[in-house]
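Participant: Following this message is one structure expressed as structure tokens.
The values are calculated or read from the model by the stated rules, or taken from the named source; none is laboratory data. Values in this document were obtained by computation on a predicted structure and should not be read as measured data. As a convention, Cβ positions derive from the backbone with ideal geometry for all residues, glycine included, and neighbour counts pool all protein chains shown. Only protein heavy atoms, including side chains, enter the accessible area calculation; ligands, DNA and RNA are left aside. Shrake-Rupley method; radii C 1.70, N 1.55, O 1.52, S 1.80 Å.
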Amino acid sequence: MDIQFRHVNYTYQPHTPYAYQALHDINFTVSTGGELIAIVGHTGSGKSTLLQHINGLLLPTEGAVMVGDYLLSKDNKRQDLKKLRGKVGIVFQYPEHQLFEETVERDISFGPHNFHVPNQEITSRVLTSIEKVGISESLLEKSPFELSGGQMRRVAIAGVLAMEPEVLILDEPLLD
Ligand SMILES: Nc1ncnc2c1ncn2[C@@H]1O[C@H](COP(=O)(O)OP(=O)(O)OP(=O)(O)O)[C@@H](O)[C@H]1O
Ligand SMILES: [Mg+2]
């Protein structure tokens with residue numbers, strides 16, 4: 001799946017006194033498929049802003065983002081984007097803020113459940129993803145809010161892995 005940015009500008013709070021242009025004419029193409037690509041830049045340079053364009057959490061103020069067959073521009077309707085979000089998983093900079101369910105298991109299952117993955121398949125994905133991130137099965141029935149910070153991050157990452165996304169975006173979710 002190719003990801004292309006074509007003349008992408010992004011302005012937070014446009015047409016207000018607080019308008020701030022975070023992305024200026026971004027152009028690049030990457031072909032995904034087993035590759036690991038890093039984006040490096042100083043704090044405030046726009047890395048998180050750029051990444052949120054890849055699954056349509058933010059839409060370009062000008063220009064276009066192509067992700068596989070998806071064309072994302074300011075004219076997109078937000079409801080077109082659910083399928084794309086199943087293909088592109090994002091783990092945010094503070095992934096523990098993504099947790100909200102009553103148990104670890106329900107939290108990890110939330111995405112696949114929402115995409116109508118059969119229950120048996122969800123159970124198997126939950127077990128595979130906790131193994132990948134190093135979370136023990138004994139934590140599945142706990143509340144995510146009773147975990148340590150590092151465990152919360154792992155659970156949040158497991159929840160994204162359980163979606164089996166084609167593209168996995170990690171916005172500095174450092175494991176300590
Ligand atoms: N919601 C927002 N409203 C207005 N401005 C914002 C908003 N989010 C980010 N910005 C501004 O956009 C610029 C880019 O922010 P962004 O979070 O993309 O940077 P970053 O490269 O991810 O930084 P860091 O390395 O600190 O995570 C910053 O100047 C920031 O202040
Ligand atoms: Mg950031």
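Participant: So, in the stretch 40-53, exactly how many residues are assigned to a loop (DSSP other than H, G, I, E, B) and either among the hydrophobic types (A, V, I, L, M, F, W, C) or open to solvent by less than 40 Å² (accessible area, probe 1.4 Å) (or both)?
Facilitator: So in the stretch 40-53, the residues assigned to a loop (DSSP other than H, G, I, E, B) come out as 40-46, 52-53.
Subset that is either among the hydrophobic types (A, V, I, L, M, F, W, C) or open to solvent by less than 40 Å² (accessible area, probe 1.4 Å) (or both): 40-41, 46, 53.
The total comes to 4.
Participant: Working only within the stretch 1-60, note down all residues that are among the β-branched types (V, I, T), within 12 Å of ligand 1 (Cβ to nearest atom) and under 19 Å from the mean Cα position of the chain (by Cα). Don't jump to the end; show me each part of the working.
Facilitator: Quick first cut of the stretch 1-60, residues among the β-branched types (V, I, T) only: 3, 8, 11, 16, 26, 29-30, 32, 37, 39-40, 43, 49, 54.
Restricting the remaining residues to those that are within 12 Å of ligand 1 (Cβ to nearest atom) gives 11, 16, 26, 39-40, 43, 49.
Result: I39, V40, T49.
Participant: Residue by residue through the stretch 84-113, note down the ones that are under 12 Å from S143 (Cα atoms) and either touching a Pro at 6+ places or on another chain (Cβ under 8 Å) or surrounded by fewer than 18 Cβ atoms within 10 Å (Cβ to Cβ) (or both).
Facilitator: Residues satisfying the conditions are L99, F100, E101, E102, T103, V104, R106, D107.
Participant: Would you say L161 is farther than 29 Å from L58 by Cα and either within 16 Å of ligand 2 (Cβ to nearest atom) or buried (at least 17 other Cβ atoms within 10 Å of the Cβ) (or both)? Steps first, please.
Facilitator: Numbers: farther than 29 Å from L58 by Cα: no; either within 16 Å of ligand 2 (Cβ to nearest atom) or buried (at least 17 other Cβ atoms within 10 Å of the Cβ) (or both): yes.
Here the answer is no, as L161 does not meet what is asked.
Participant: Residues to consider are L36, L58, L71; find the one that is away from ligand 2 (no atom under 16 Å from the Cβ) and assigned to a loop (DSSP other than H, G, I, E, B).
Facilitator: The unique qualifying residue is L36.
Participant: Here is a follow-up. Could you tell me which residue of the stretch 14-33 is surrounded by the most Cβ atoms within 10 Å (Cβ to Cβ), considering only residues that are part of a loop (DSSP other than H, G, I, E, B) and among the hydroxyl-bearing types (S, T, Y)? First the steps, then the outcome.
Facilitator: Looking only at the stretch 14-33, we keep the residues that are part of a loop (DSSP other than H, G, I, E, B), and these are 14-19, 32-33.
Restricting the remaining residues to those that are among the hydroxyl-bearing types (S, T, Y) gives 16, 18, 32.
Numbers: T16: 9, Y18: 8, T32: 15.
The selected residue is T32.
Participant: If a residue must be exposed (fewer than 14 other Cβ atoms within 10 Å of the Cβ) and more than 19 Å from H7 (Cβ to Cβ), how many such residues does the stretch 54-83 contain?
Facilitator: 7
Participant: Does H116 satisfy the condition of being on the phi > 0 side of the Ramachandran plot, without any contact (Cβ under 8 Å) to a residue 60 or more places away in the chain and open to solvent by 80 Å² or more (accessible area, probe 1.4 Å)? Give the steps one after another, and end with the answer.
Facilitator: Values: on the phi > 0 side of the Ramachandran plot: yes; without any contact (Cβ under 8 Å) to a residue 60 or more places away in the chain: yes; open to solvent by 80 Å² or more (accessible area, probe 1.4 Å): yes.
Yes; evaluated as a whole, the condition is true for this residue.
Participant: Take the conditions away from ligand 2 (no atom under 16 Å from the Cβ) and outside the structural domain of Y10 (by TED's automatic domain parsing) and apply them to I90. Does it pass?
Facilitator: Details: away from ligand 2 (no atom under 16 Å from the Cβ): no; outside the structural domain of Y10 (by TED's automatic domain parsing): yes.
It is false that I90 is away from ligand 2 (no atom under 16 Å from the Cβ) and outside the structural domain of Y10 (by TED's automatic domain parsing).
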